[in-house]
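For reference, the structure discussed in these notes is given below.
The values are calculated or read from the model by the stated rules, or taken from the named source; none is laboratory data. Remember, predicted model here, so these are calculated numbers, not experimental data. Please note: Cβ atoms are built from the backbone with ideal geometry, for glycine as well, and neighbour counts cover all protein chains shown. Side chains included, ligands, DNA and RNA excluded: accessible areas come from the protein's heavy atoms. Shrake-Rupley method; radii C 1.70, N 1.55, O 1.52, S 1.80 Å.
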Amino acid sequence: MSRFYITTPIYYVNDEAHLGHAYTTTMADVLTRYHRLYGYETFFLTGTDEHGQKAQQAADKKGMPVQDYVESVAPRFQDLWKKMNISNDDFVRTTEPRHTKVVQDVLQRIYEAGLIYSDSYEGFYEVSDERFLTDKEMEEKGYTKDSPEVVFLQEKNYFFKMSQYQDWLIQHIEANPNFIRPEGRRREILGFLKQPLGDLCISRPKSRMSWGIDLPFDTDYVCYVWFDALLNYISVLLDKGGDEELNKWWPESHHLIGKDILMVHAVYWPTMLKAAGYEPPKSLIAHGWWLIDSAKMSKSKGNVIKPLELMDRYGIDAFKYFLVRDMSLGLDSNFSEKAMVERMNSDLANDFGNLLNRTHKLLVKSFDGVVPEPGAGGELEAELKALGEKTLATVKEHVLEFKLHAALEEVLQLVRRANKYMEQTEPWKLAKTDLNAMGTVLWHVLEIFRLAATLLSPVIPGKVENLLTQLGLDQNNLELRWGALPPGTRAGEAQVLFPRHEYKEVTDMENTETKPEQTAVAEAPKAEATAESKPEAQAAGQPEAAEAEPDNLIGIEDFAKVQLRVAEVLEAERVPKTDKLLRLIVSLGDEKRQIVAGVAAYYEPEQLIGKQIVVVANLKPVKLRGIESHGMLLAAKSEGKLSVMTPLGEVATGAAIS
Ligand code: MSP
C-alpha cells in the first residue's frame, strides 16, 4: 500500500495561534484527507516547539516557572485543531520524554562519531533570534556594538560539523528536483549553498539560557532549540516503533513549512540526519505568507488575524475552503475578509450550493425525490462524462504536486459546467414535455454533484457529509469514478449548506463623511438576505429563516474580544479638506498610534492634546482620506453634541479597560 507522511512545523508556544498557523495545519490536513481518499496509508504529525529563549522570556513576563507556562499554553493549539476538525494522528510536544530521549540519543551518537567539537566563540549575539551574527549581518541589520538588540558574548560552545556535508547536500538537491518545492525556492537554496557553509553552533550555556534539553556529554549546556525541534519529525516514529516504524514512513515523508523556515529545513536538517545515519526527508514544501494589506501580520500593528473568530463567523469548512483556494503554492497572498466573503459567496453559496438546491427541488417535484434512471444521452452528456473523468484525473495530479488551489479550481469548473448544462437543457421545461429527458439531465447534474462533493470532501468534510445525505448517499459512496450514482436512491431533506454572507462597510461615527478605502466588516448573514438569495432552497424545505435570526445579546466572550485601552493624546491636527476629521497621535504606554477621528466639528485640536481618552485598540486599521487610522476613540453623542470619553480617576496611560 502507498504511504504518505506529512508534518507541519511545530509551533512556538509563546504566541497565540493565528491565520498562518491555521493555514499550514489546514493544508496538511487536507493533503492527508486527499491521500486517504486515494487509498494511501497516512500519518499526519503536528505539535509544539516548547524550548528556548522565546518560551523562557514569555514565562518570565508572566512571572511563571517556564514548565508551568508551557503546560498552560500548549493545549491552546490542541484545542484549536480539534475545533477546526483537523485529523492529525499525533501531536508532539518537545518537552515530552519520548522526544527529549531521541534528541539526546542523536546528540550522543553524532558526538561519538566525532562530528561535534567544542570551541570558544566570541561575537555579537542577537537576543530575539537566539543566534550569533556575522559582521555582515550586523551591518545589514544596522546594528552597532551599542545596539540593545545585541550583546557581545565570549563563550565556549559545541559545534556540529555541518560544513563537511555541503557537497553532498548540493548533489542531493540537484539529483532530486522534487526535494524542495516550489522550484524557485529550490534555486534559492542552491544559490545559498554557493557560499561556503559554516559549522552549526548547537549548544547554549545554561548560565545564559537553561530552558532546553541537556547535552548528554556536557550538562552545563542545553541543546540549541532548532536542533532539538527538527528532530520531532523522527522522534515520534522512533519512540513508536524504533527503526522499523521510521523506515515505514520516512521514505514518504513531506514537511510542509513557511518560506521563512526553509533554510533551516533544507540545510541544517538534512545534514543533521545524514550525520545521524538517516536519509533526508522526501520533500520540503515551502508555502508563502498571508499578508494583511501587503504587510506582515504583527502584534504591534494590531493586524493579527485570529482563526477562531473567522470560523465562528463563517463556519469551519467555508473558512478552510478559502484558505486552500486562495493561496497558490509558494506565493504570498493578501488576506482580506472582503475577499474571503466574496470567495465563499461565489464558489460555495452560488456555484455549488445553488445548483444543488435547484436540482433537488426539481427532483422532489417531478420524481418524488428519487434519482431517475438516465437515458443514453447525446453529445452534451458525453461531454459531461469526459469532463468528469478528466477532472478526476487532473485533481489527483494537482494533489500529488501539492497544488491544492489548482485542484479546487478544477472541481469548481466542473460545477460551473453543470450550471451551464442546466441552462442549456432547461429541465424545468422538460417536466411537462419529456420526463425521460428531464431524468437524464437531473441524473447527470446529480452525478456531477456527487463527484464534486467527493473531490471537495477533504476540504469541507463536515459539509460533504451533509451534502451526501441530501442526495440519499452516505460517506461510503465516495467513489472516484464517473457513473457511480445509483438510480433509485431517495434524496434526503434539502438544507442550505453555505449561506450567503454579507459584509457591511464600516459605519462608525468616525467616517460618516469619508468612505473607508479598504476595510469591510463581515456580518453574520441576515435572515432576510438568505431567504431572498435562496428562494429554491426555501421551497425545498430549508428551515424557516427566522430561526437563523441573530440574537442581539452578546456573551462576555464577545465583549472580551474588544480591547479597550486608555490612551493619551500627544498630537492633534485637522485633516486638510474636511471639517470633520482630526488626525491624532496617541500613546498607549508601550506604543504610539495614529488615529483619525470624526470629532473636528466638536473639538479644537488643542482641547484634546494631553487628555486621556478611551480607544478600541484592536480594530483593524482603515484609511480615511488616505491616512491610516489605527484604532478608534469612544465618544457619546446626544442632542447634537459630542463628548469624548475619558477616565474619571487617575489611571496609567495604556491601561486595559474591562
Ligand atoms: N517553531 C518553529 C518551527 C520549528 S519546525 C521544526 C517556528 N514556529 S512558528 O510558530 O513561529 O511558525 C510556524 C509556521 O507558521 C512557519 O512555517 C511560518 O512560516 C508560519 N507562519 C507564520 N506566519 C505566517 C503567515 N502570516 N502566513 C503563513 N504562514 C506563516 O517557526
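Annotations for the structure displayed:
- In order along region 391-402, the Karplus-derived 3J(HN,Hα) couplings, from 6.51 cos²θ - 1.76 cosθ + 1.60 at θ = phi - 60°, round to 4, 4, 6, 5, 4, 4, 4, 4, 4, 5, 9, 6 Hz, and Gly and Pro are given as x.
- Neighbourhood charge, 13 Å Cβ-Cβ cut-off, centred on LYS240 and excluding it, Lys, Arg +1 and Asp, Glu -1: -4
- 3J(HN,Hα) from dihedral phi, region 598-614, Karplus parametrisation 6.51/-1.76/1.60, rounded to Hz, x for glycine, proline: x, 10, 5, 6, 10, 10, 7, x, 4, 5, 9, 4, x, 8, 8, 10, 10
- Packing-based ranking, highest mean first, of 649-658, 177-186, 403-412 given that Cβ atoms within 10 Å are counted: 403-412, 177-186, 649-658
- Sites SER638 and ASP332 - FRET efficiency at Förster radius 41 Å, r taken between beta-carbons, to 0.05: 0.30
- Environment charge of ILE173, counting only residues whose C-beta is closer than 15 Å and scoring Lys/Arg +1, Asp/Glu -1: +2
- Taking 0.36 nm per residue of separation and subtracting the current Cα-Cα distance, fully stretching the chain between VAL651 and ASP90 would add 197.2 nm.
- Long-range HN-HN contacts of ILE305 with modeled amide H, under 5 Å: LEU19
- With every protein chain in place, the chain: carbon and sulfur % of accessible area (1.4 Å): 49 percent
- Using heavy atoms of the protein chains and a probe of 1.4 Å, the accessible area assigned to LEU153 is about 30 Å².
- For ASP135, the solvent-accessible surface with a 1.4 Å probe is about 130 Å², rounded to the nearest 10.
- CYS201 long-range amide H proximity, modeled H, under 5 Å: PHE160
- Accessible surface for VAL562 stands near 60 Å², nearest 10, in the context of the full protein assembly shown (1.4 Å probe).
- Whole-number accessible area per residue in Å² for the chain, which is evaluated in the context of all protein chains at 1.4 Å: 45 Å²
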